[in-house]
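Have a look at the structure below before the remarks.
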Amino acid sequence: MTVIDPTAHIADGATVGPQSTIGPYCEIGPNVTIGEGCTLVAHVHVTGHTSIGWRTRIYPFTSLGTPPQSVKYRGGPTRLEIGTGCDIREHVTMNLGTEDGGGLTRVGDRGFFMVGTHVGHDCHVGDDVIMANNAVLGGHVRLGNRVVLGGASAIHQFVRIGESAMVSGVSGVGADIIPFGFAIGQRAVLDGLNVVGLRRRGLTRDDIRRLREAYRALFLGPGVFRERLARIEREFAGDALVGIVLDFIRAGQNRPLMHAAIESAPAGGDAASGGGS
């Protein structure tokens, strides 16, 4: 049975799925679709052309589907799509897309968005992503599956962060981060691999060893980066995990690729050991 508090306001045209709970003082706009089994705890504002997947839980003072914070937005019927099983905590904001950016902001399944996080216009956020308190995404950011962003981290517009990468807290990210990478610093740089995250994902010791070897050769080896990249493509041909990293690098377009703090260090240096949580 769907339960709607008498103080909530649901506009004509909105759709609320079965077994959902709409708590006190929630405001739901006419173009909103809320999936089955969702919970809006209280004081939740959902507007715009927004859809929310089943069994997502949204906490007080969250605002979803508001217009993009972009001077290029022209008021069109752009969208926000949120996947299933997400946990969206207090004071989270997620904006619609823009006409020039594809018209869609998309958030995947099972995301955990802690207090005060922000997903900007035209972002595409993968599955099982964690954004800790006050982490923010500028417009057009791409986060792969299982990315973890530490508290108060800030991601520049158009940046891509590859799958299973981690960004330390209070880090500013202005460049693309390779899949499985670990970035840290006020102006973040690569500091190895997200080894703990890789273990949690179920990768074997041999998997992690090969990724470390490729990382060291690519970011800490001799020669210019272009030459090192070509060498890795030859030496690790057919390796699926390294292939994910190489495909990510080749697809770069809008932002530079993030590098390690000190390149051309001896292979096997400490910077390749990685971190993460």
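The values are calculated or read from the model by the stated rules, or taken from the named source; none is laboratory data. Note that the structure is a prediction, hence the values are computed from the model and not measured. Note: ideal-geometry Cβ built from the backbone for every residue, glycine included; neighbour counts use all protein chains shown. Keep in mind that these areas ignore ligands, DNA and RNA; they rest on the heavy atoms of the full protein, side chains included. Shrake-Rupley method; radii C 1.70, N 1.55, O 1.52, S 1.80 Å.
In the set (1) touching a residue at least 40 places away in the same chain (Cβ under 8 Å); (2) over 27 Å from G150 (Cβ atoms); (3) not basic (K, R), T84 fails one condition alone, (2). When Q69 is tested against the conditions (1) part of a loop (DSSP other than H, G, I, E, B); (2) crowded, with 17+ Cβ neighbours inside 10 Å; (3) polar (S, T, N, Q), the lone failure is (2).
With respect to the conditions (1) under 13 Å from the mean Cα position of the chain (by Cα); (2) not in a loop (DSSP other than H, G, I, E, B), G139 lacks only one, and its number is (2). Reported count of residues in region 1-59, each being open to solvent by 20 Å² or more (accessible area, probe 1.4 Å) and not in a loop (DSSP other than H, G, I, E, B), is 14. Contact map, region 6-17: first residue more than 22 Å from W54 (Cβ to Cβ), second residue part of a loop (DSSP other than H, G, I, E, B) and at pLDDT 95 or above, Cβ cut-off under 7 Å, separation 6 or more or different chains; pairs are T7/P24; T7/Y25; D12/P30.
F113 - would you say it is open to solvent by 40 Å² or more (accessible area, probe 1.4 Å), of a type outside the set (K, R) and in contact with an Asp or Glu (Cβ under 8 Å, 6 or more places away or on another chain)? It is false that F113 is open to solvent by 40 Å² or more (accessible area, probe 1.4 Å), of a type outside the set (K, R) and in contact with an Asp or Glu (Cβ under 8 Å, 6 or more places away or on another chain). All of (1) without any contact (Cβ under 8 Å) to a residue 40 or more places away in the chain; (2) part of a loop (DSSP other than H, G, I, E, B); (3) under 19 Å from T47 (Cβ atoms) hold for R106 with one exception: (2). Answer with yes or no whether P77 is in a loop (DSSP other than H, G, I, E, B), of a type outside the set (A, V, I, L, M, F, W, C), at negative phi and open to solvent by less than 80 Å² (accessible area, probe 1.4 Å). Against the criterion (in a loop (DSSP other than H, G, I, E, B), of a type outside the set (A, V, I, L, M, F, W, C), at negative phi and open to solvent by less than 80 Å² (accessible area, probe 1.4 Å)), P77 does not qualify. Taking only pairs six or more apart or across chains, which ones have beta-carbon atoms under 9 Å, a first residue in region 21-33 that is closer than 17 Å to T7 by Cβ and in contact (Cβ under 8 Å) with a residue 12 or more places away in the chain, and a second residue that is assigned to a loop (DSSP other than H, G, I, E, B) and open to solvent by less than 10 Å² (accessible area, probe 1.4 Å)? Hits for this filter: T21/C38; I22/C38; I22/V44; G23/V44; Y25/V44; C26/V44; E27/V44; I28/V44. R228 fulfils the conditions (1) open to solvent by less than 60 Å² (accessible area, probe 1.4 Å); (2) part of a loop (DSSP other than H, G, I, E, B); (3) over 24 Å from V148 (Cα atoms) except for a single criterion, (2). Exactly one residue among G185, G172 is within 18 Å of C123 (Cβ to Cβ), surrounded by fewer than 18 Cβ atoms within 10 Å (Cβ to Cβ) and within 19 Å of the chain's Cα centre (by Cα), and that residue is G172.
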